[in-house]
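Chemist: This is the structure, below, for whatever I ask next.
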Amino acid sequence: VLTNADVPVDPANQMSPTNPASGQSVDIWVRVGYSQQINTGYIYYTTDGSNPEGAFGMGQGTTQVVPAHRVNYDNSLANVEWWMGTIPGQVNGAPVRYKVALFSGGSYGFSVGNNTNWPSIQPVSYAESSGSKLFGLTQAAITNFNPANAVVWLHNDLNPANTTIGLQSGFHILRARTFLPVINYTNQNYVYANQAQVYNTFAQTFYYEAGPPTGVIVTPATDGTSVSNSTLALVVRTDNNVTGVQFNVQDSNPNNDDIITGQANGNGNDTNGNPVFVSATRVTPNQSLNLQYPNDPQEYHLVYSNVASSGTATVSVRLSDYATRVYTNDVTILTRTVNTLAPPQTVIISSPATNNTIVPYSSNLVYLIQTCFGTSLVSAVSNFDITINGVLQPQSSYFIRPMGTVPGCPGMNSLFYNWNITSGGIYNIQATYSNGIVLSDNKTVIVTLPLQITSLSNVGPAGGNPLVVWGSTPGANYQVLVTTNLTQPFQPIGPIVTTNGFSASLYDTSPPAPQKFYEIEIVP
């Protein structure tokens, strides 16, 4: 900057200071070419991580604005100027993003000179400058569009036979065109036309909610069904817009509530008295149900566990869609009430609490298996069998604790067995009681070997991506993720890998980068 009385020292950097302290303002210097071509400047900035947007001194959204002003000429080029604006000081750690906008303000007109065929026209001032036509922000609204009765093309072919009345729920795209005004000469009269043959086309994707999500509980089909087993499987079908299904069970047995068992079964309420909802599992649709429910092509399964031995149970199924993320009350609740007649004698494995529990392997690893059983059952180890992958474990190593002496089995007795794990793999644990009646439960455990990437070998062309190799556990599922910057989240780069051995691999097909960081995760 050409120094003068106002700028006695030429700034060393265009951002000064380059490492501001908390609360310290920052000067932003801008080198502008050429002299006399601009007369207005603004700096748009944000402190919430969003991109600053604005025009002509007005910020959009959370964007804040400070003016920039001309300081002096460049010290070596007389036709180049320097402008400067100041961003106020911020709290320590605030992410400040900024943009600089400079333009020549004012209005522009036009005139047509005298001619025998063209009369003289006085200059006409546009409502906005030519610069604002190029760079200004505008807002527009559709005031006569009713999505419920609009004619909508089902395909991108403009065929009138492929139309329907009413916009359907789902993602859609809106296209809009902006035109510049123009003056036309017709029959020696100058008239304003609304549209020049110069325009921009803008596209915006949006989600439209024509109605709440829909679905039906297929199994059990009606209320009043009697359940005489310790579990009840339910089948739910939903429309294509449903993105999530959750369920909760209210029954007469307080001891099977999730806050008591520590399991995520969707039973009962939380400590604040609110129903505990857990996610159902989306499955491949049953082909035999597709014809019966053509409008509900998605299928979800859920299980009511630890069925009560008396009274009734109400299963509430909550359907949500994309709009639920914004409007949390935009859900549909389906209910089914059943009579609960499960035998009071029950056997439940409480440790591991859920299927596919992951247990990291280590040397001399001992895992405690806990089985809960009803107090009406004969409390003797000789009545129990514990098998692991079909192999009977010695009864001499079982031990029983009565109700209330140990946690994990509220209102029930406990059977324990210390399992010595010698290798990784997938193990099915089954606990069986047999003394006049046969009751059993089973859980699956994944014992994982130490998860470690063993090699990154370049098997592709020079400079290409590597083959990622890691130690695996037979039968376990793995997901490979990558990032090019540790401040950014890892992203999956391929399908889930299921292995049958102790080594797994995946070729990285993501775009090459100067550096990459890999992560391996075990997934259900």
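Chemist: Under 5 Å between amide H atoms, partner at least 5 residues away or on a different chain: which partners does Thr63 have, H built in plane at 1.01 Å?
Modeler: For Thr63, whose amide H was placed from the backbone, the distant partners under 5 Å are Glu53.
Chemist: Next question, about the same structure. Between Asp321 and residues 5 or more places away or on another chain, which pairs have amide H atoms under 5 Å apart, with H built 1.01 Å from N, and which residues are they?
Modeler: Answer set, sorted by chain and number: Thr243.
Chemist: If ligands, DNA and RNA are left out, what is the accessible area of Thr324 with a 1.4 Å probe, given in Å² to the nearest 10?
Modeler: Counting only protein heavy atoms, Thr324 exposes about 20 Å² to solvent.
Chemist: The stretch 314-398: which chymotrypsin sites (Phe, Trp or Tyr not before Pro) are DSSP loop and have at most 14 other beta-carbon atoms within 10 angstrom?
Modeler: Tyr327
Chemist: Shifting gears a bit: If you compute Kirkwood radius over Cα pairs in Å for the structure shown, which of (1) 24.0; (2) 31.2; (3) 25.0 do you land on?
Modeler: Working out Kirkwood radius over Cα pairs in Å from the coordinates points to (2).
Chemist: Something else now. Using a 1.4 angstrom probe on the protein heavy atoms only, line up His69, His172 by accessible area, largest first.
Modeler: The ranking, largest first, comes out as His69, His172.
Chemist: If you don't mind, another one. Got a sec to turn the phi values of the stretch 86-92 into Karplus ³J(HN,Hα) couplings, 6.51 cos²θ - 1.76 cosθ + 1.60 with θ = phi - 60°, whole Hz, x for Gly and Pro?
Modeler: 10, 8, x, x, 10, 5, 4
Chemist: Using the Karplus curve 6.51 cos²θ - 1.76 cosθ + 1.60 with θ = phi - 60°, what ³J(HN,Hα) values do you get for each residue of the stretch 302-316, in whole Hz, with x for Gly and Pro?
Modeler: In residue order, the calculated couplings are 9, 10, 8, 9, 6, 4, 5, 8, 7, x, 10, 9, 10, 9, 9 Hz.
Chemist: Let me ask something additional. Could you look at the chain and say what percent of its accessible area is carbon and sulfur, using a 1.4 Å probe and all protein chains?
Modeler: 52
Chemist: Pop out the ³J(HN,Hα) list for the stretch 354-360 in order, Karplus 6.51 cos²θ - 1.76 cosθ + 1.60 with θ = phi - 60°, rounded to Hz; leave Gly and Pro as x.
Modeler: 9, 5, 6, 4, 9, 10, x
Chemist: If I take every Cα pair under 8 Å that is 6 or more residues apart in the chain, average their sequence separation and divide by the length, what percent do I get for the relative contact order?
Modeler: For the chain, the relative contact order is 8 percent.
Chemist: Per DSSP helix of 4 or more residues, -39500 (n - 2.57); summed, then divided by the residues of the chain. What does that give at 222 nm, rounded to the nearest 500?
Modeler: Counting only the DSSP helices, I get -500 deg cm²/dmol.
Chemist: Also, quick follow-up: Residues of the chain: accessible area per residue at 1.4 Å, in Å²?
Modeler: Ligands and nucleic acids excluded, the figure is 57 Å² per residue.
Chemist: Name the residues whose placed amide hydrogens come within less than 5 Å of the amide hydrogen of Asn477, ignoring near sequence neighbours (fewer than 5 apart) on the same chain.
Modeler: It is Val523, by chain and number.
Chemist: Follow-up question, since we're still on this one. How large is the accessible surface of Asp10 in square angstrom, using a 1.4 angstrom probe and rounding to the nearest 10?
Modeler: 70
Chemist: State, as an integer percentage, the relative contact order of the stretch 139-181 based on alpha-carbon contacts under 8 Å between residues 6 or more apart.
Modeler: Contact order relative to length: 31 percent.
The values are calculated or read from the model by the stated rules, or taken from the named source; none is laboratory data. Quick caveat, the model's predicted, so the values are computed rather than measured. Heads up, the Cβs are rebuilt from the backbone with ideal geometry, glycines too, and the neighbour counts pull from every protein chain shown. Please note that ligands, DNA and RNA were not included when accessible areas were found on the heavy atoms of the full protein model with its side chains. Shrake-Rupley method; radii C 1.70, N 1.55, O 1.52, S 1.80 Å.
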